[in-house]
1. For region 67-89, enumerate the residues that are within 16 Å of the ligand (Cβ to nearest atom) and part of a helix (DSSP H, G or I).
2. May I ask you to list pairs of residues, at least six apart or on different chains, whose Cβ atoms are under 6 Å apart, with the first in region 201-222 being touching a residue at least 24 places away in the same chain (Cβ under 8 Å) and the second being more than 9 Å from the ligand (Cβ to nearest atom) and aromatic (Phe, Trp, Tyr)?
3. Would you be able to say whether some residue in region 24-44 is open to solvent by 50 Å² or more (accessible area, probe 1.4 Å), modelled with pLDDT under 95 and more than 16 Å from the ligand (Cβ to nearest atom)?
4. Any residue at all in region 112-123 that is of a type in the set (Ser, Thr, Tyr), touching a residue at least 12 places away in the same chain (Cβ under 8 Å) and open to solvent by 40 Å² or more (accessible area, probe 1.4 Å)?
5. Here are the criteria: (1) over 30 Å from Gly197 (Cα atoms); (2) at pLDDT 95 or above. Tell me which single one Ser83 does not satisfy.
6. Answer yes or no as to whether Thr236 is open to solvent by 10 Å² or more (accessible area, probe 1.4 Å), within 16 Å of the ligand (Cβ to nearest atom) and modelled with pLDDT of 95 or more.
7. Just to be sure before I move on: is Ala167 touching a strand residue (DSSP E or B) at 6+ places or on another chain (Cβ under 7 Å) and of a type in the set (A, V, I, L, M) in the structure I sent?
8. Among the residues of region 90-105, which ones are away from the ligand (no atom under 11 Å from the Cβ) and not β-branched (Val, Ile, Thr)?
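The values are calculated or read from the model by the stated rules, or taken from the named source; none is laboratory data. All figures in this text were calculated on a predicted structure; none of them were measured in a lab. All Cβ positions, even for glycine, are placed from backbone atoms using ideal geometry, and neighbour counts span all protein chains on display. Keep in mind that these areas ignore ligands, DNA and RNA; they rest on the heavy atoms of the full protein, side chains included. Shrake-Rupley method; radii C 1.70, N 1.55, O 1.52, S 1.80 Å.
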Amino acid sequence: MTDTQDWTAAGFATRAIHAGQDPDATTGAVVPPIHQVSTFKQDGVGGLRGGYEYSRSGNPTRTALEEALAAVEGGARGFAFASGLAAEDTLLRAILRPGDHVVIPDDAYGGTYRLIARVFGPWGIEHTAVHLSDVDAVAAAIQPGRTKAVWVETPTNPLLGVADIAAVAAVARAAGAVLAVDNTFATPYLQQPIGLGADVVVHSTTKYIGGHSDVVGGALVVTDGAQLPVGLTGPTGTESLEDALAFHQNASGAVAGPFDAWLTLRGLKTLAVRMDRHCANAAAVARYLVDHSKVAEVIYPGLEDHPGHELAARQMSGFGGMVAFRTGSAEAALDVCARTRVFTLAESLGGVESLIEHPARMTHASVAGSALEVPDDLVRLSVGLEDLADLVADLGQALS
Ligand code: PLP
């Protein structure tokens, strides 16, 4: 009897809990074991058991995570990395060559901007930062023959801008460029970029997928048949994006370790229920802040006055757990960040505990002075799963 099942037709939570995670063939363990091992015995030279030879190239615990990620994103194959930026670095190396150009959001995550501008820039990659909610601006930024990738983040970090994935996908496709969508903020539970035309989905699994602030990781999920940019042949002699990513993951080796893969997989299993509560708490916190006299502006895609509200309602099945607000001055923003007690002052997001931070001086310090600079009176909240009354009371005392 085999425990192997096809979960492709199952619902989201079922796939998150079961895909790639068949009970262990030897023991029946219902959770994939942590294969904390670097190398695998061969039955004669090249006689691999299950295809495993060395844990940079492949490890069963990582395979379980990669299969589960592909299943929840509706993709053909997943790749797990040591961090979100390691995933991004591997993807960009696979699809770009010196002299190429890439379109990025004008409020991308600061680390993404730093990687593209300051690591890939010196290797001859140019970028144009545009307001991605303006599809005409994306089309105008395309340099025919040179633009090889369009990078979408939606909602963005930290300004929660919303981009129309299907519309940007059409622009990227017409240009022969790869469309990469960073789905970290929305998660596959709320948004399915591959169904909307993305070639590859990017994650910092450190955030909602891991969900417990106990592991750093990243992932890529490619769609079936995704191609490299027009005109590029990959290192294995094919135009397949999947082949190129598999080659680069092994060749540069920034892979997720077995324990990190296991923790991430454990987080993924509860993503659906956690996201429901993140969304509910964030919506209530946003409404509370809207009415607060010390708050100048609240930015949350679930609010009707958010410029991307209707698009988000169409494209996502919930508005997420991130809320940003402006206080009118940097001093007031720093003051709120210093005073909260339930919201912990810390970088990162997406964990069960609520976090508060000052993007201009913390997560987005690397974009200071660039076109992506964020306002210094902005406060970002990652609204966690605590009791709503405690979250609201904490913000109330911190703002008073
Ligand atoms: N993408 C987004 C939207 C992020 O917020 C982050 C990290 O904050 C990253 C990518 C990078 O991920 P990591 O910190 O896991 O390298």
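1. Going residue by residue through region 67-89, those that are within 16 Å of the ligand (Cβ to nearest atom) are 69, 73, 78-89.
Within region 67-89, Leu69, Glu73, Gly84, Leu85, Ala86, Ala87, Glu88, Asp89 qualify.
2. From region 201-222, the pairs are Leu220/Phe79.
3. yes
4. no
5. Going through the list (1) over 30 Å from Gly197 (Cα atoms); (2) at pLDDT 95 or above, Ser83 breaks only (1).
6. When the stated conditions are applied, Thr236 does not pass them.
7. No; evaluated as a whole, the condition is false for this residue.
8. Selection gives Leu91, Leu92, Arg93, Ala94, Leu96, Arg97, Pro98, Gly99, Asp100, His101.
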